[in-house]
Amino acid sequence: MQINKYIYSFSYENPESELCKLESRYIFNKEEKNRLLFSDIKAEPSNSPFIKSRLDVISFSEDYDTLIKDIKKESICIEGFKVEYLVLDGDITEYKERLNKLKDIGWSIEGIPDYYNPTITYGLCYFEGIWCFGVLNKDSFTWHKHKKKPRSYSNSISISIAKALVNIAAKANKESKLLDVCCGVGTIMLEACFSGNNIEGCDINEKICNNAQENISHFNYTANVYHSDIKNISKKYDAAIIDLPYNLFSNATDNDILHIIESTAAITDRIVIVSISDITNLISNTGFRISDYCTVSKSGKRKFTRKIWVCEKVK
Ligand SMILES: C[S@@+](CC[C@H](N)C(=O)[O-])C[C@H]1O[C@@H](n2cnc3c(N)ncnc32)[C@H](O)[C@@H]1O
């Protein structure tokens, strides 16, 4: 019996399901299933909009009593610990039994627990016949502070989509040099800065560029924002994200869109494109191959669906 090092649980609304799966393909090289994923790849829950928690597995067993013995053998001695039960897909353990099991674990750890301000949180879960115990790392939600950025913009995407785009573009590589091509007020840049990714931005509108810079400085991040048409950027990047001007709010023509994508093609081989209109045909005229795709909409707002294309340069 073998189990992965990490058990991830996910949280998302149904309209976000495709985006969550797209993101997990680029972080873990596989999709989450039933809001669960097992992997040896370590990812920070707070760096993804969808990862709720990561259990770093310490002990596991098909037999619950053996698990408790194994936990005791670990001789864990720590003050202020907490233990939580993770109810995973298919676990029918009743509430009372779950509480008893948490007590068993509590008695197997030396130290006084602290439920309200724990120094460390452990987790217990059951999945497909196996009991797992480990350290539980939860999404801190500190990135939600970006919702209160000083400068906002009616055309901005949500911070959840922005976060996923960064992961899809960077493919979990923090060294990857990213460009936010139409950065607007920097929604994507803020999420990249939060998770320690290497990003720069550019926008044709000077006032909006200043707003992006103000937002970035407000949260004490550092990142270059270039006031420029993308055609004048010559620096090379590993990947670019383009949140295209939307037909709904701007009068960008097919030629403008083509100009943005073709100019980006000169400085990178990989682009993640976001648009509300179907620009599949335009993309195929720019020397890029669409390697992945998804749509995302807000609950109750199915008419406002964003399309996301992952494109690789045809060599
Ligand atoms: C949909 S908005 C981007 C919103 C941004 N993601 C945010 O969250 O604030 C599109 C942006 O593209 C910029 N833009 C349009 N044409 C451009 C070009 N040729 N080069 C660079 N930026 C351009 C616009 O000024 C606008 O801010």
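The values are calculated or read from the model by the stated rules, or taken from the named source; none is laboratory data. Since the model is a prediction, treat every value here as computed from it, not as a measurement. In this analysis, Cβ positions are derived from the backbone assuming ideal geometry, glycine residues included, and neighbour counts consider all displayed protein chains.
Side notes on the structure shown:
- Screening the candidates S140, S108 for the property of being surrounded by fewer than 17 Cβ atoms within 10 Å (Cβ to Cβ) and touching a residue at least 12 places away in the same chain (Cβ under 8 Å) yields one hit, S140.
- F60 buried (at least 18 other Cβ atoms within 10 Å of the Cβ) and within 17 Å of F127 (Cβ to Cβ): yes
- Of the helices (runs of 4 or more DSSP H) lying entirely inside the stretch 1-109, those containing at least 1 residues that are in contact with a Pro (Cβ under 7 Å, 6 or more places away or on another chain) and not polar (S, T, N, Q) span 95-108.
Residues checked against (1) surrounded by fewer than 18 Cβ atoms within 10 Å (Cβ to Cβ); (2) among the basic types (K, R):
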position	(1), (2)
E13	yes, no
Y26	no, no
N34	yes, no
S39	no, no
S53	no, no
K96	yes, yes
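- Members of the stretch 201-216 found to be part of a strand (DSSP E or B) and either of a type in the set (K, R) or more than 7 Å from the ligand (Cβ to nearest atom) (or both), listed by number: G201
- Condition check for N220: at pLDDT 95 or above, under 21 Å from C193 (Cα atoms), touching an Asp or Glu at 6+ places or on another chain (Cβ under 8 Å) and loosely packed, with under 14 Cβ neighbours inside 10 Å: no
- Identification of strands (runs of 3 or more DSSP E) wholly contained in the stretch 217-315 with 3 or more residues that are in contact (Cβ under 8 Å) with a residue 24 or more places away in the chain and within 15 Å of the ligand (Cβ to nearest atom) yields 225-227, 239-243, 270-275, 301-313.
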